[in-house]
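Let me begin by presenting the structure, written as structure tokens, before commenting on it.
The values are calculated or read from the model by the stated rules, or taken from the named source; none is laboratory data. Fair warning: this is a prediction, and the values are worked out from it, not measured in the lab. With ideal geometry, Cβ positions are generated from the backbone for all residues, glycine too; neighbour counts draw on all protein chains shown.
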Amino acid sequence: KQIEDATLPNVTYINNTPQIKEVYAMSKILIMPSKDETWGRTAVEAMSSGIPVIVAPTPGLKECVQEAALLVDRTETKEWVRLIRRLHNDKSFYDEYSNRGKARARQLEPTHDLEVFMEWYEKKVVPSADKKLADPPSFLEKFLDKM
């Protein structure tokens, strides 16, 4: 509410929007000083767009972003400002967290989970099964056909 009411020329407050890709394309940094956050969908979307992310260390956000984002207690205002300035002024620091975020977002894609499963399947199931059993289960074939 305070941000909405304040006159901050470099801050844009955006409510729900269907043009989320355009919003991320215009964005440089995502800050999420959330008090409660069960999962970081917004953080993942920003990271996949290469936007560095600063979040409060709620359990859901910590699990989601892991080492790909900067974590700051929501009460540490000076630290939020310091990190925002550093991301703005230090290109290598910005690029590091941009790249970390993109890598983490790729790990959270459904296709990544499928690749991990298929690696496990090929190592553990295929060697111990006869040829007929070694064929991928039909549910996987259907899933892959939809991708």
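For this structure, a couple of remarks:
- Taken over the range 72-91, the criterion of being closer than 12 Å to Ile31 by Cα, of a type in the set (Val, Ile, Thr) and in a loop (DSSP other than H, G, I, E, B) is satisfied by Val72 alone.
- Filter result for Thr58 (of a type in the set (Ser, Thr, Tyr) and exposed (fewer than 11 other Cβ atoms within 10 Å of the Cβ)): no
- Considering residues of the range 1-32 that are out of contact with any strand residue (DSSP E or B) (no Cβ under 8 Å at 6 or more places or on another chain), touching a residue at least 24 places away in the same chain (Cβ under 8 Å) and in a loop (DSSP other than H, G, I, E, B) only, the residue nearest to Val72 (Cα to Cα): Lys28
- Residues in the range 50-72 that are modelled with pLDDT of 95 or more and of a type in the set (Gly, Ala, Ser): Gly50, Ala56, Ala68, Ala69.
- In the range 68-99, the residues that are without any contact (Cβ under 8 Å) to a residue 40 or more places away in the chain and charged (D, E, K, R): Asp73, Glu76, Lys78, Glu79, Arg82, Arg85, Arg86, Asp90, Lys91, Asp95, Glu96
- The number of residues in the range 92-108 that are farther than 18 Å from Ile31 by Cα and in contact with a helix residue (DSSP H, G or I) (Cβ under 8 Å, 6 or more places away or on another chain) comes to 3.
- Hey, Trp120 at pLDDT 95 or above and farther than 28 Å from Pro18 by Cα or not: no
- Restricting Glu4, Glu76 to those that are farther than 20 Å from Tyr94 by Cα, modelled with pLDDT of 95 or more and surrounded by fewer than 16 Cβ atoms within 10 Å (Cβ to Cβ) reduces the list to Glu76.
- For the criterion of being assigned to a loop (DSSP other than H, G, I, E, B), charged (D, E, K, R), in the same structural domain as Arg100 (by TED's automatic domain parsing) and within 16 Å of Ser98 (Cα to Cα), Lys35 fails.
- Top-ranked residue in the range 31-49 [being more than 8 Å from the chain's Cα centre (by Cα) and of a type in the set (Gly, Ala, Ser); ranked as farthest from Leu108 (Cα to Cα)]: Ser34
- Val65, sole failed condition from (1) touching a residue at least 24 places away in the same chain (Cβ under 8 Å); (2) in a helix (DSSP H, G or I); (3) surrounded by 14 or more Cβ atoms within 10 Å (Cβ to Cβ); (4) out of contact with any helix residue (DSSP H, G or I) (no Cβ under 6 Å at 6 or more places or on another chain): (4)
- Boolean, Glu96 is farther than 20 Å from Val11 by Cβ, at pLDDT below 95 and assigned by TED's automatic domain parsing to the domain that holds Val11: no
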